[in-house]
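Take a look at the structure below.
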Amino acid sequence: MAAVVGLAVLLVLGAGEWATRNELDNQWDNLRRSGEVQALALRGVATRYSYLPFTAAQQPLIAELLHHPGAQSLRNAANAYLQAINANAGSDTLYVINTDGLTVASSNWDTPTSFVNQNYGNRPYFRDALQGQPGRFYGVGKTTGEPGLFASAPVVENGRVIGVVAVKVWMQPIVDTWAQLRDPVFVTDERGIVFLGSVFPWLYKTTRSLPEQDVQQVQFDEQYGARWAPQPVPWKTLQRDSQPGTEIVVPGTGKRYLAFEERLPDLGWTLTLTADSKAIALARQQAWALASLASGLLVLGALYWQLRERRLAENRQARIELEQRVHERTYALQQAQAFRQSMEDSLLVGMRARDLEGRIVYVNAAMCDMVGYAASELIGSLPPYPYWHPDDLDRHWNDSDTVLAGKASPQGRENRLRHRNGSDVHTMFYTTRLIDGNGQHIGWMSSVVDITAQKRAEEQQQQREAQLQRVQRVITVGEMASTLAHELNQPLAALVNYAAAARSLAAQGKTELLHDSLTALSAQALRAADIVGRIRRWVRQHPEAREPCDLNAAVDQSLDLLLRAEARRHGVAVRLDLAQGPLHVNADRVLLEQVVLNLGLNALQAMQTHATPPTEHELLLRTTADARFASLEVLDRGPGLAPEIAERLFEPFFTTRSDGLGLGLNICRSIVESMGGELRANNRDGGGAVFEIRLPRLSSPP
């Protein structure tokens, strides 16, 4: 009886643990899917007006106003122009700032909260544009007190920035959408400050401690209001082992949430979605109840099995229904985004308007220059148009029919056109509905971007990178040729000895010892083949194959491949200081081993050219890790890095060796950066150099 009771207890506990894990996995899966949808919507809202400042900055009227800010006629014309563009695009405010940070024209010039004569010189988006770069900044408005996203672009004349055009975008619609969700959704900036979300009391609170320099910068920028001071969020974060997210605990409320972060590196934001963890406790309680019932009716095991299968079927059906709802929500968001972008897409460089039959009714000068035909030659034309590429006629017809049928892709379509002079022009077409003043659909407006130079640059860059990597592999093989011969001498000598012993044992009829000798001979042959196989993998040019791998294992493999033998040949001691347990990173294992080997060989060569006694020569390989990164340090006792060498260390073809090409470190850094990491170089305390590889650490083992 005691055994039955013990089995029942184990059954109840196991069922509760299983249900908890299953429900937890479902919650994380739902959060991950929702994160993809919400990130797509957030990016759409954040980037949909980024073209407006650039487009307005090209208007000659804006440049003329910046030269003559006191001319009232110019200011009135600029205000009217900005007001018209802002109204058509649907943005919040579009305005022009001079180099002193003073607003000289704005689309809201005739409102009580006009930006005109307001100074925004302390705003980061103004400073970025003043340096000739596009800017993006979320903050509370200095004039209106209303938060929004600010995007900017420089007004450039003769290579000199003479002013800035900025647009303010209202982000409240997406917050209203989040407010309809059951659980909180919020966004933090790069400093960990909550600036957007469905829970108003959390806004502008900090999720981590801020350095004093960051606090002063936020206060100087007036990013979150003139009276902002750092206050922590009213909850605590708990890290869950082997889970893709964290847990948020709100003291005093009894609420706990699973929190999943969707990083948006292009915006510098982090989107966090939450799910109430009560569902996990409920699932565990339900499992306990079912297991208790099953333990009481242990003899009716068949009935328990049927109940379990029904529960699994319900979970599968619930997941299918959830995926269907996510799919429907994604489709609705895509349709809404396409509608909102209809006006903004038509304001890109090349513009072409067609009626419902496909007849061209308008083209701008940029479109004419792009294809080499005058406007009079294009207006009135029906498909096929004269600039359609003769080799892509089927594709052009299909795209035209798709657009006229109202099925144009909101993500745009890449097309190859034929210029009048016979050259190819690669373009991106963005097409939206053309609506008249009465709201009637009268045709289609397309915005065309010339990407010919970009396509050529991408192809040339890919060719250069492939050639550089090929050259480095060939150079590496030449450097390891002598050591390879040394490595093969041992297994080959062993093969000869074992073969001689086998012949002697065969003549003496000692079969058992003969079998042992042949087994040892085979092992040495496989070792020699493995050495040759590694070298072939280094030389052979292959595509990058990233996979979870152990950084400590990469160090061991590099030592076995070449470093240990090369160190013995140079009389250098090798010392390892590896972190406990595996350090998992997502990388191309062969390329990572090549980087480690190349840095090690460089360290050995540096110590051979240094005047220190050989007894002080030491090569140290050390691995460490924190919550986000795994690091490998290669330390030597060579001459170190002089300032003039350190500045150019990673430049292509820069070398201090008479027989070097100067490509090794440049390629090493390219390989590490392609894996999402970075390669650093510094001088070592006490003499020598330190090269550090930092790679993002996988949150859970593969």
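The values are calculated or read from the model by the stated rules, or taken from the named source; none is laboratory data. What you are looking at is a predicted structure, and each value in this text was computed from that prediction instead of being measured. Reconstructed Cβ throughout: ideal geometry from the backbone, glycine too, with neighbour counts over all protein chains shown.
Quick look at the values:
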item	result
Counted residues, the range 496-513 - those being more than 23 Å from A528 (Cβ to Cβ) and of a type outside the set (A, V, I, L, M)	5
Residue, nearest to L267 (Cα to Cα), within the range 87-140, restricted to residues that are hydrophobic (A, V, I, L, M, F, W, C) and in a strand (DSSP E or B)	F137
Scan of the range 205-231 for residues that are under 17 Å from F137 (Cβ atoms), outside any loop (DSSP other than H, G, I, E, B) and among the acidic types (D, E), ordered by number	D214, D221
Residues located in the range 130-156, provided they are touching a Ser or Thr at 6+ places or on another chain (Cβ under 7 Å) and touching a residue at least 40 places away in the same chain (Cβ under 8 Å)	P134, A151
Failed item in (1) over 23 Å from the mean Cα position of the chain (by Cα); (2) modelled with pLDDT under 90, with F220 passing the rest	(2)
So T253, is it farther than 25 Å from G14 by Cβ and at pLDDT below 85	yes
Within the range 157-202, tally of residues that are among the small types (G, A, S) and assigned to a strand (DSSP E or B)	3
Some residue of the range 442-462 being at positive phi, of a type outside the set (A, V, I, L, M) and at pLDDT 75 or above	yes
Among residues of the range 137-184, those that are over 27 Å from Y257 (Cα atoms) and among the acidic types (D, E), counted	2
Residue ID - farthest from the chain's Cα centre (by Cα), chosen from residues in the range 380-413 that are exposed (fewer than 14 other Cβ atoms within 10 Å of the Cβ) and within 17 Å of M367 (Cα to Cα)	G380
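This table checks each residue for (1) loosely packed, with under 15 Cβ neighbours inside 10 Å; (2) modelled with pLDDT of 90 or more.
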| position | (1), (2) |
| --- | --- |
| Q324 | yes, no |
| T330 | no, no |
| F339 | yes, no |
| S346 | no, no |
| V349 | no, no |
| Y362 | no, yes |
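The rows are residues; the columns are (1) of a type in the set (G, A, S); (2) part of a loop (DSSP other than H, G, I, E, B).
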{"site": "R575", "(1), (2)": "no, no"}
{"site": "G581", "(1), (2)": "yes, yes"}
{"site": "L597", "(1), (2)": "no, no"}
{"site": "Q605", "(1), (2)": "no, no"}
{"site": "E633", "(1), (2)": "no, no"}
{"site": "T655", "(1), (2)": "no, yes"}
